[in-house]
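What follows is a structure written as structure tokens; I'll ask about it next.
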Amino acid sequence: MVLADVIARYHRLKGEKVFFLTGVDQHGQKVQQSAAKAGIAPAEFVKDITQKFVDLGKKLDVRYDEWAETTSKRHKKVVQGILQRLFEEGEIHKDKQAGYYSVRQEQFLTDKERGPDGEFGLEWGEIEFREEENYYFKLSQHKEWLLRYIEDRKDAVVPDFRQTELRNAVEKISGDLCISRPKSRLDWGIELPFDKDFVTYVWFDALTNYISFAGYDPSQSTLSSQPSTFRDKWPALQIIGKDILVPAHGIYWLIMLHAIGFPEDQMPQLLVHGWWNLGGAKMSKSTGNIIDPFVLAEKYGADALRYYLMSDIATGYDADFLEVLLRQRHDSELSNSLGNLLNRTLPLLNKYQDGLLHRVEPTEKVFLSLRTLANDTVEWFCEAIEKTFSIHSALAFLHNFVRRCNEFAQETSPWKLVTDSEHEERLNASLYHLSESLRMIAILISPVLPKAAHGIFDQLNWKMELSGKEERFSLADAEWGRLPDGHVVGKPVPLFPRIEP
């Protein structure tokens, strides 16, 4: 959720129109079983769980445009409309299946899921033999199309090694996809429009939310005939965990879209992130190997947590969550570096110049190189995000610039120049360069640390009419020299107090 929020904020920073959708998948057998175990109705059970996710988004300062809940009426209408259309087009048929069924994963298993010893692994949980009639989506007949699409579009999946993983999985497609469950054992789902004795299973329910909440009309058979409100939001960047790339999003979802008429240039791009591990193992509620994000956000604040999450993991890869690293990154990169830069610049301006800036830009190397690095950092920051969604790399470029600004402060030592009128111009130049650097830093860091970015702008007394509003920050303003001569900055306030262990 935080990664998606950062990317959405970055594109709004560029002045682009953004539709950020997130939400919850609420149907399924596991939900029905958990509700029964808790002694409450499934609708009440999912309402409580959903509220926790809503509250977490607020706690982490996540700003989305639409919240998806798969129990909503408009979602149900789209799901049933798509199913009816595919049924009429012969893409869905009824068949009987007998085999081993994973209760945990809610799917029938084949021999390819067996381990070298011929047994099904522990990851499948309880296994039982079942025989039942269900509806199937003709998945295998789209296999060659999907292989060709992946081959032709090199950035269908990011990072690229995940695309290789997907291609290998597509090669193994065989048979059709079971998309229903009989109501006799699962009634917590969306009823099939062509057979009231069945509900649709997770694939055509959960996956369809990406278009149902964006305004997709299932009665329109071509994308060009869709409402403009939907076409304006599509195609999408979909941010998913590595565990749901294969088969759900990389195979089932792309083939589903192809089957209902989405052309190749309107397929979503899949950005696949890794897992946060704990002690080298995947976080899991069932084993108790978890970290409570509410507790962390309450303890350290949303900005500290957001910064750690975005700076410590390389997009697409796993990382080990260590609370001590959260504190270290905050104190080292935010408190001691960025906070130090702010806390040494503003007090000097207020103490010796009544907060008044004088725009002076000497051609001396130490000043010229800082201005050049400022503009280069903007370019590198944007390139890292736009080419590979490498937020951690973008933040590394930004931290390098902050570090250089602190070195610049030491080299020019404005606090040593205040008593000598002969060095007045150099004093003015030093304080202007530090203040202008802070302004540009605030703009770049705003997608990751929105509250801190506002804090920097407030102290610079900059764009105060937009204080607290996201439109206060614009990438177009991230160029050197926007602070005018004679501008008066605000009062200094410690922005990143050190975290006491």
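Amide H neighbours of PHE120 under 5 Å, counting only residues 5+ apart in sequence or on other chains, H built in-plane at 1.01 Å?
For PHE120, the qualifying residues are GLY115.
Right, here's the next one. Average projected area of the Cα convex hull of region 373-470, in nm²? Write down the numbers at each step before the final one.
Working: hull surface 27.9 nm².
Convex hull of Cα atoms, orientation-averaged projection: 7.0 nm².
Now a separate question. For region 366-376, what does the Karplus curve 6.51 cos²θ - 1.76 cosθ + 1.60, with θ = phi - 60°, yield as ³J(HN,Hα) per residue in whole Hz, taken in order and with x for Gly and Pro?
Ordered by residue, 3J(HN,Hα) equals 4, 7, 4, 5, 5, 5, 5, 5, 4, 5, 5 Hz.
Taking a ≥ b ≥ c as the square roots of the eigenvalues of the Cα gyration tensor of region 82-191, is the shape rounded (a/c under 1.5), prolate (a/b larger than b/c) or oblate? Present the calculation step by step, with values, prior to reporting the outcome.
On the way: a/c = 2.10, a/b = 1.20, b/c = 1.75.
Verdict is oblate for region 82-191.
Ok, one more. With θ set to phi - 60° and the Karplus curve 6.51 cos²θ - 1.76 cosθ + 1.60, what are the ³J(HN,Hα) couplings of region 125-136 in order, to the nearest whole Hz, using x for Gly and Pro?
3J(HN,Hα) across region 125-136, in whole Hz: x, 5, 10, 9, 8, 9, 9, 7, 9, 8, 9, 10.
Apply the Debye scattering formula to region 171-329, with a single equal point scatterer on each alpha-carbon and no solvent, then give log10 I(q)/I(0) at q = 0.17, 0.18 Å⁻¹.
With no solvent term, the Cα-only Debye profile gives -1.11, -1.15.
Quickly estimate the mean residue ellipticity at 222 nm for the chain, helices only: each DSSP H run with n ≥ 4 gives -39500 (n - 2.57), and the total goes over all residues, rounded to 500. Walk me through the numbers before you get to the answer.
Numbers: 18 runs with 215 residues, N = 501.
Rounded to the nearest 500, the figure is -13500 deg cm²/dmol.
Related question: Rounded to the nearest 10 degrees, what's the angle between the helix 160-171 long axis and the longest principal axis of the chain, both from Cα atoms, 0 to 90?
Computed tilt is about 10 degrees.
Taking a temperature of 10 °C and a viscosity of 1.306 mPa s, what whole-number D in µm²/s does Stokes-Einstein yield for the chain with Rh from Kirkwood over alpha carbon pairs?
Numbers: Rh = 25.7 Å.
Stokes-Einstein gives a translational diffusion coefficient of 62 µm²/s.
For region 293-334, count all C-alpha to C-alpha pairs, find those more than 11 Å apart, and express that count as a whole percent of the total.
Values: 552 of 861 pairs.
That tail contains 64 percent of the Cα-Cα pairs.
Could you work out the percent of alpha carbon pairs in region 158-200 separated by over 16 Å, rounded to a whole number?
Numbers: 507 of 903 pairs.
I get 56 percent for the Cα pairs in region 158-200 exceeding 16 Å.
To continue, here is another question. Report the antiparallel proportion of the DSSP beta bridges in the chain as a percent, rounded to a multiple of 5. Write down the numbers at each step before the final one.
Details: 25 of 38 bridges.
So the antiparallel bridges amount to about 65 percent of the total.
Semi-axes of the equivalent ellipsoid of region 294-371: what are they in whole Å, largest first, if each equals the square root of 5 times a C-alpha gyration tensor eigenvalue? Each step should come with its number before you reach the end.
On the way: eigenvalues 243, 65, 17 Å².
Whole-Å semi-axes of the equivalent ellipsoid: 35, 18, 9.
Can you sort GLU298, GLU123 by solvent-accessible area, 1.4 Å probe, largest first? Could you put the intermediate results ahead of the total?
Numbers: GLU298 125, GLU123 105 Å².
My answer, sorted largest first, is GLU298, GLU123.
Give, in nm to one decimal, the length gained when the segment between VAL18 and LYS282 is fully stretched (0.36 nm per residue of separation minus the Cα-Cα distance). Let's see the in-between values first.
Working: separation 264, 0.36 × 264 = 95.04 nm, distance 3.21 nm.
So the extension gain works out to 91.8 nm.
Order VAL246, VAL489 by their accessible area, 1.4 angstrom probe, all chains in place, largest first.
Numbers: VAL246 50, VAL489 10 Å².
Output order, biggest surface exposure first: VAL246, VAL489.
Where in region 125-155 is the amide nitrogen less than 11 Å from a point lying 7 Å along the Cα-to-Cβ axis of ARG104?
Residues passing the 11 Å test: 125-127.
So, one more: What is the ratio of the Cα radius of gyration of region 27-153 to 2.2 N^0.38 Å, where N is its residue count, to two decimals? Numbers along the way, then the final one.
Numbers: Rg = 19.3 Å, N = 127, 2.2 N^0.38 = 13.9 Å.
Against the compact-globule rule of thumb, the ratio is 1.39.
Among LYS143/LYS242; LYS17/LYS154; LYS14/LYS58; LYS143/LYS282; LYS94/LYS233, which pairs are too far apart, with a Cα-Cα distance over 29 Å? Please report the intermediate quantities before stating the final value.
Numbers: LYS143/LYS242 21 Å; LYS17/LYS154 25 Å; LYS14/LYS58 23 Å; LYS143/LYS282 32 Å; LYS94/LYS233 35 Å.
In this structure, LYS143/LYS282; LYS94/LYS233 exceed 29 Å between Cα atoms.
The values are calculated or read from the model by the stated rules, or taken from the named source; none is laboratory data. All values reported here derive from a predicted model rather than from experimental measurement. Every residue, glycine as well, gets a Cβ built from its backbone with ideal geometry; the counts of neighbours run over all protein chains shown. Keep in mind that these areas ignore ligands, DNA and RNA; they rest on the heavy atoms of the full protein, side chains included. Shrake-Rupley method; radii C 1.70, N 1.55, O 1.52, S 1.80 Å.
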